[in-house]
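**Q** Here you go, one structure.
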């Protein structure tokens, strides 16, 4: 087993989220129909950070919610006998909203598909876009992010761990060799 390779530190993550926020604002000239939905767990914190940056920049509070995708996954029976199910919290009407689904890592596309399925149970958005901190490739489904913080080339056997201070007490992104999956979904 090789060494952990850090690819982003706290200041890198902060810069990337600012760039993503600027791109979101430029793309969505009208922010009044925009909403952010984070995928549990780290996508929720990324959504809240982007929401705060939009509020600081544009003086508008974008509705933000979160979805748990565990029961929507096509591999939930492989995760374990009792998947941990968290509460989805979307306290606004998603109908006709421009939704940006936010996650930490885009890998196979299966988490994103599950996130869209969970979101559609709440209503019919006008549009769903995807924002990810890390795109590591290796898609199994035809899913592509609209907003990408950083693209990282990995092998199929490596793991990408996103650590965020709200959950992990540190902001950092690491590549781990082999199949030693850590705190973040890969």
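**Q** Would you call residue 36 surrounded by 23 or more Cβ atoms within 10 Å (Cβ to Cβ) and within 22 Å of residue 151 (Cβ to Cβ)?
**A** Spelling it out, residue 36 is indeed surrounded by 23 or more Cβ atoms within 10 Å (Cβ to Cβ) and within 22 Å of residue 151 (Cβ to Cβ).
**Q** Quick one: which residue in 22, 13, 69 is closer than 27 Å to residue 153 by Cα and at pLDDT below 95?
**A** Details: 22 fails: at pLDDT below 95; 13 fails: at pLDDT below 95.
Of the residues listed, the single one that is closer than 27 Å to residue 153 by Cα and at pLDDT below 95 is 69.
**Q** Here's a check for you: in the range 126-142, which residue that is crowded, with 17+ Cβ neighbours inside 10 Å and touching a helix residue (DSSP H, G or I) at 6+ places or on another chain (Cβ under 7 Å) is nearest to residue 23 (Cα to Cα)?
**A** Among those residues, the one meeting the criterion is 131.
**Q** Tell me yes or no: at least one residue of the range 39-48 is in contact with a strand residue (DSSP E or B) (Cβ under 9 Å, 6 or more places away or on another chain), at pLDDT below 95, surrounded by fewer than 17 Cβ atoms within 10 Å (Cβ to Cβ) and in a loop (DSSP other than H, G, I, E, B).
**A** Among the residues of the range 39-48, not one is in contact with a strand residue (DSSP E or B) (Cβ under 9 Å, 6 or more places away or on another chain), at pLDDT below 95, surrounded by fewer than 17 Cβ atoms within 10 Å (Cβ to Cβ) and in a loop (DSSP other than H, G, I, E, B), which makes the answer no.
**Q** Tell me, yes or no, whether the range 156-173 has at least one residue that is in contact (Cβ under 8 Å) with a residue 40 or more places away in the chain, assigned to a loop (DSSP other than H, G, I, E, B), within 17 Å of the chain's Cα centre (by Cα) and surrounded by 13 or more Cβ atoms within 10 Å (Cβ to Cβ).
**A** Yes, the range 156-173 has at least one match.
**Q** Inspect the range 89-103 for any residue being under 22 Å from residue 174 (Cβ atoms), surrounded by 13 or more Cβ atoms within 10 Å (Cβ to Cβ), at pLDDT 95 or above and touching a strand residue (DSSP E or B) at 6+ places or on another chain (Cβ under 9 Å) and give the result as yes or no. Quick ask: steps written out before the conclusion?
**A** Let us first name the residues in the range 89-103 that are under 22 Å from residue 174 (Cβ atoms), namely 102-103.
Next, only the ones that are surrounded by 13 or more Cβ atoms within 10 Å (Cβ to Cβ) stay: 102-103.
Narrowing further to those that are at pLDDT 95 or above: 102-103.
Add one more test, that the residue is touching a strand residue (DSSP E or B) at 6+ places or on another chain (Cβ under 9 Å), and what stays is 102-103.
Within the range 89-103 (the criterion being under 22 Å from residue 174 (Cβ atoms), surrounded by 13 or more Cβ atoms within 10 Å (Cβ to Cβ), at pLDDT 95 or above and touching a strand residue (DSSP E or B) at 6+ places or on another chain (Cβ under 9 Å)), the answer is yes, since at least one residue qualifies.
**Q** Looking at the structure I just gave you, is residue 130 modelled with pLDDT of 95 or more, assigned to a strand (DSSP E or B), closer than 16 Å to residue 69 by Cα and under 14 Å from the mean Cα position of the chain (by Cα)?
**A** Working: modelled with pLDDT of 95 or more: yes; assigned to a strand (DSSP E or B): yes; closer than 16 Å to residue 69 by Cα: yes; under 14 Å from the mean Cα position of the chain (by Cα): yes.
In short, yes.
**Q** If I ask for residues that are over 19 Å from residue 23 (Cα atoms) and within 13 Å of the chain's Cα centre (by Cα), which ones from the range 45-75 would you list?
**A** 65, 66, 67, 68, 69
The values are calculated or read from the model by the stated rules, or taken from the named source; none is laboratory data. In this text, all values refer to a predicted model and were calculated from it rather than measured experimentally. Backbone-built Cβ (ideal geometry, glycine too); neighbour counts: all protein chains shown.
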